[in-house]
Amino acid sequence: MDHDGLPDIIAAGNCVNVLPQFGSEDASYGLVLLNKGKGNFAAVPGTMTGLYLKGETRDIRLLNTTTSNAVLFLQNNGFPALYKINDRQTAAAK
């Protein structure tokens, strides 16, 4: 995402279909981690990424086109969410 040649991480999840005594796991709105090398990652604040996913994300796909890159999030019982990758935002997080 920041074009440094190191693989970055985009994560999303949540799990609400659990037994009541265990409680739901639904506090994540998605996360971007930039690879700083040697096993170190830096979290990019949600205010910089714009990532705000509610619900249960079940799959994430990177979409590369000739004009732009985007990330598609597929959610359980919800609409797909498409986020365009803005190079200026990820570069500012370095």
**Q.** Candidate set: segment 74-86, residues that are more than 14 Å from the chain's Cα centre (by Cα) and open to solvent by 80 Å² or more (accessible area, probe 1.4 Å); chosen: the one modelled with the lowest pLDDT
**A.** ASN77
Q) Taking only pairs six or more apart or across chains, which ones have beta-carbon atoms under 6 Å, a first residue in segment 13-37 that is at positive phi and open to solvent by less than 30 Å² (accessible area, probe 1.4 Å), and a second residue that is modelled with pLDDT of 70 or more and among the charged types (D, E, K, R)? A) ASN14/GLU56
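The values are calculated or read from the model by the stated rules, or taken from the named source; none is laboratory data. What you see is a predicted model, and the numbers here were worked out from it, not measured in a lab. Note that we place each Cβ from the backbone using ideal geometry, even for glycine, and neighbour counts take in every protein chain shown. In case anyone asks, the SASA skips ligands and DNA or RNA and just uses the protein heavy atoms, side chains included. Shrake-Rupley method; radii C 1.70, N 1.55, O 1.52, S 1.80 Å.
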